[in-house]
Amino acid sequence: MSHASGHPLTATASGPLTGAAHVPGDKSISHRSLILGAMAVGETRITGLLEGQDVLDTGAAMRAFGASVEKAGEEWVVRGVGVGGLMEPEDVIDCGNSGTGVRLLMGAAATHGFSVTYTGDASLRKRPMARVTEPLSLFGAAAYGRSGGRLPMTVVGAGDPVPVRYATPVASAQVKSAVLLAGLNAPGETVVIEREATRDHSERMLRGFGAEIDVRRTAEGHEITLVGRPELSPQTIAVPRDPSSAAFPVCAALIVPGSDVLVPNIGLNPTRAGLFETLREMGADLTYENPREEGGEPAADLRARFSPDMHGIEVPPDRAASMIDEYPILSVVAANAAGTTVMRGVAELRVKECDRIDAMVQGLRGCGVAVRDGPDWWEVDGRGPGGVPGGAMVAVHLDHRIAMSFLVAGMAAREAVTVDDAGPIATSFPIFRALMERLGAAFEERGS
Ligand code: S3P
């Protein structure tokens, strides 16, 4: 299927991929840098910000809330308005494709006494928002959206917010972060309890901006306590490169014969690094060079070489949160490995930018790979190195990671793979095509 408005792109069999892949800044940290910068008093300076559409949309939103967000040379400068100082936007806030953007903004604004209407693109308007508006209602906010808790949605903020104690029912850093950001402008202690650890950038960055935040392990999981109404001090932030973007050149190198790719300076925060552990268990020739600490987080240069001896594994379900965005590209590696790869405990994949299990199942089947799935699991029968027939036109459903995954699949398949729309790649990895071409990948625009 092809969208009339999409930009189809074809990846053909690639020669060896070689060289260094400098991937862009981390998307999660970029969103949070802009939001927390806008809630600090004074000037936050950010280098390495991801200039993908998702993050640019969050920057525009922070301007609409009253902060100044400008690019000055290589730096982004945010002049914040202080906790409690956000202003009512004059127009609808359009978060484009970004679930992280809209959910974090809803949280940050929900404890201010004004109303905000949010919307997004056709993908974001299908995604569930009740997971965020339910805890926000405990602070005193109220949300009015389309049926099923979908955008467009107006959130009437709490003028006199009360702090909240909330156990997240799904493993979601977006939900956790929305509650913590709302808690910033509530008096007293806001507590979030999560059973499974999700990415902890909000906790680390809130502490970095000077908030009092305590994380304790308890019988229930992690208990995060934030003291409300802090004065946040502006920061100088060097955004690390995104491990979720690094996943694409790394996985491409593992499956394209003769490849040897270095992906420098990737954060290996354990809440994000699950894919790399999984690949190593599958027999990938993936090494961490130069291991070091960057801004208090483990980091290394990743070196990935063609790995003809990879085998399928059962991915431990308790690792899902630390690699939730990486299952699509993992399934492409699995298709090029020997044996079956089983992925369980991943129902959350069904509510991402699209239903990622369904999109990958349909696309992989189109490429000649046997795949089975259920509500919260799927498994891929590997065809061994170079064994994927390819030759498919794949629908990406406005999902950047589905588009990049199938373009990587095409680099190692016997016949070219076309995605019906490469446009969404610009949300998180605008330089994907140029970067992969420099390594040796071959793309064609064959028209729709
Ligand atoms: C993100 C959290 C994850 C992830 C998303 C970014 C974040 O979503 O999929 O790409 O920055 O907090 P969930 O929290 O919904 O799992």
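Just wondering, is there one or more residues in the range 94-101 that are more than 16 Å from the ligand (Cβ to nearest atom) and either within 17 Å of LEU34 (Cα to Cα) or in a helix (DSSP H, G or I) (or both)?
Initially, the range 94-101 is screened for residues more than 16 Å from the ligand (Cβ to nearest atom), giving 94.
Now narrow it down to the ones that are either within 17 Å of LEU34 (Cα to Cα) or in a helix (DSSP H, G or I) (or both): 94.
Scanning the range 94-101, I find at least one residue that is more than 16 Å from the ligand (Cβ to nearest atom) and either within 17 Å of LEU34 (Cα to Cα) or in a helix (DSSP H, G or I) (or both), so the answer is yes.
Screening GLY228, GLY267 for residues that are outside the structural domain of MET404 (by TED's automatic domain parsing), within 21 Å of GLN174 (Cα to Cα) and either among the small types (Gly, Ala, Ser) or open to solvent by less than 10 Å² (accessible area, probe 1.4 Å) (or both) leaves exactly one candidate, GLY228. For the range 209-242, the set of residues classified as touching a residue at least 40 places away in the same chain (Cβ under 8 Å) and either within 16 Å of the ligand (Cβ to nearest atom) or of a type in the set (A, V, I, L, M, F, W, C) (or both) consists of PHE209, ILE224, LEU226, LEU232, ILE237, ALA238, VAL239, PRO240, ARG241, ASP242, listed by residue number.
Among the residues making up the range 176-189, a single one is touching a Phe, Trp or Tyr at 6+ places or on another chain (Cβ under 8 Å) and either under 13 Å from GLU223 (Cβ atoms) or not small (Gly, Ala, Ser) (or both): VAL179. When the range 156-174 is filtered for residues that are away from the ligand (no atom under 16 Å from the Cβ) and either charged (D, E, K, R) or open to solvent by 40 Å² or more (accessible area, probe 1.4 Å) (or both), the ones remaining, listed by number, are VAL156, GLY159, ASP160, VAL162, PRO163, ARG165. Taken over the range 434-448, the criterion of being open to solvent by 10 Å² or more (accessible area, probe 1.4 Å), within 25 Å of the chain's Cα centre (by Cα) and more than 26 Å from GLY384 (Cα to Cα) is satisfied by ALA434, ARG438.
Taking into account only those residues within the range 111-123 that are surrounded by 20 or more Cβ atoms within 10 Å (Cβ to Cβ) and touching a strand residue (DSSP E or B) at 6+ places or on another chain (Cβ under 6 Å), which is farthest from SER98 (Cα to Cα)? Filtering first and then ranking leaves VAL116. Taking the range 399-428 as the range and being surrounded by fewer than 24 Cβ atoms within 10 Å (Cβ to Cβ), of a type in the set (A, V, I, L, M, F, W, C) and under 24 Å from GLY96 (Cα atoms) as the test, only ALA426 passes.
When the range 126-136 is filtered for residues that are surrounded by 17 or more Cβ atoms within 10 Å (Cβ to Cβ) and either out of contact with any Lys or Arg (no Cβ under 8 Å at 6 or more places or on another chain) or in a helix (DSSP H, G or I) (or both), the ones remaining, listed by number, are LYS126, ARG131, VAL132, THR133, PRO135, LEU136. Just to be sure before I move on: is THR154 within 19 Å of ALA347 (Cβ to Cβ), without any contact (Cβ under 8 Å) to a residue 60 or more places away in the chain, of a type in the set (Ser, Thr, Tyr) and out of contact with any Pro (no Cβ under 7 Å at 6 or more places or on another chain) in the structure I sent? Judged against the criteria, THR154 is not a match.
Can you tell me which residue in the range 15-31 is farthest from VAL102 (Cα to Cα), limited to those that are in a loop (DSSP other than H, G, I, E, B) and open to solvent by less than 10 Å² (accessible area, probe 1.4 Å)? Quick ask: steps written out before the conclusion?
Let us first name the residues in the range 15-31 that are in a loop (DSSP other than H, G, I, E, B), namely 15-17, 21-24, 26.
Remaining after also requiring open to solvent by less than 10 Å² (accessible area, probe 1.4 Å): 17, 21, 23, 26.
Numbers: LEU17: 37, ALA21: 30, VAL23: 24, ASP26: 17 Å.
Going through the qualifying residues, I end up with LEU17.
Among the numbered conditions (1) under 22 Å from LEU439 (Cβ atoms); (2) assigned to a strand (DSSP E or B); (3) open to solvent by less than 40 Å² (accessible area, probe 1.4 Å), the only one that VAL380 does not meet is (1).
I need the strands (runs of 3 or more DSSP E) fully contained in the range 257-308, keeping only those with at least 3 residues that are at pLDDT below 95. Walk me through how you get there before you give the answer.
Values: elements: 260-267, 285-294, 297-305.
Output list reads 285-294, 297-305.
Against the test of being open to solvent by less than 10 Å² (accessible area, probe 1.4 Å), under 23 Å from VAL179 (Cβ atoms) and within 23 Å of the chain's Cα centre (by Cα), the options LEU50, LEU34 yield a single qualifying residue, LEU34.
Find the residue count for the range 175-198, including only residues that are within 8 Å of the ligand (Cβ to nearest atom) and open to solvent by 30 Å² or more (accessible area, probe 1.4 Å). I'd like the intermediate steps shown before the answer.
As a first pass, look at the range 175-198 and keep what is within 8 Å of the ligand (Cβ to nearest atom): 175-177, 198.
Add one more test, that the residue is open to solvent by 30 Å² or more (accessible area, probe 1.4 Å), and what stays is none.
Selection size over the range 175-198: 0.
Does PHE139 meet the test of being touching a residue at least 40 places away in the same chain (Cβ under 8 Å), buried (at least 23 other Cβ atoms within 10 Å of the Cβ) and farther than 28 Å from ARG401 by Cβ? Yes, satisfied. Only residues that are open to solvent by less than 20 Å² (accessible area, probe 1.4 Å), in a loop (DSSP other than H, G, I, E, B) and within 16 Å of the ligand (Cβ to nearest atom) were counted across the range 309-352, and they come to 1. If only residues of the range 199-208 that are part of a helix (DSSP H, G or I) and of a type in the set (Lys, Arg) are counted, the one that is nearest to the ligand (Cβ to nearest atom) is ARG204. Among the residues of the range 226-256, those identified as closer than 18 Å to ARG199 by Cα and assigned to a helix (DSSP H, G or I) are PRO243, SER244, SER245, ALA246, ALA247.
The values are calculated or read from the model by the stated rules, or taken from the named source; none is laboratory data. Bear in mind the structure is a predicted one, so any value in this text is a computation, not a measurement. In this analysis, Cβ positions are derived from the backbone assuming ideal geometry, glycine residues included, and neighbour counts consider all displayed protein chains. For accessibility, only protein heavy atoms count, side chains too; no ligands or nucleic acids. Shrake-Rupley method; radii C 1.70, N 1.55, O 1.52, S 1.80 Å.
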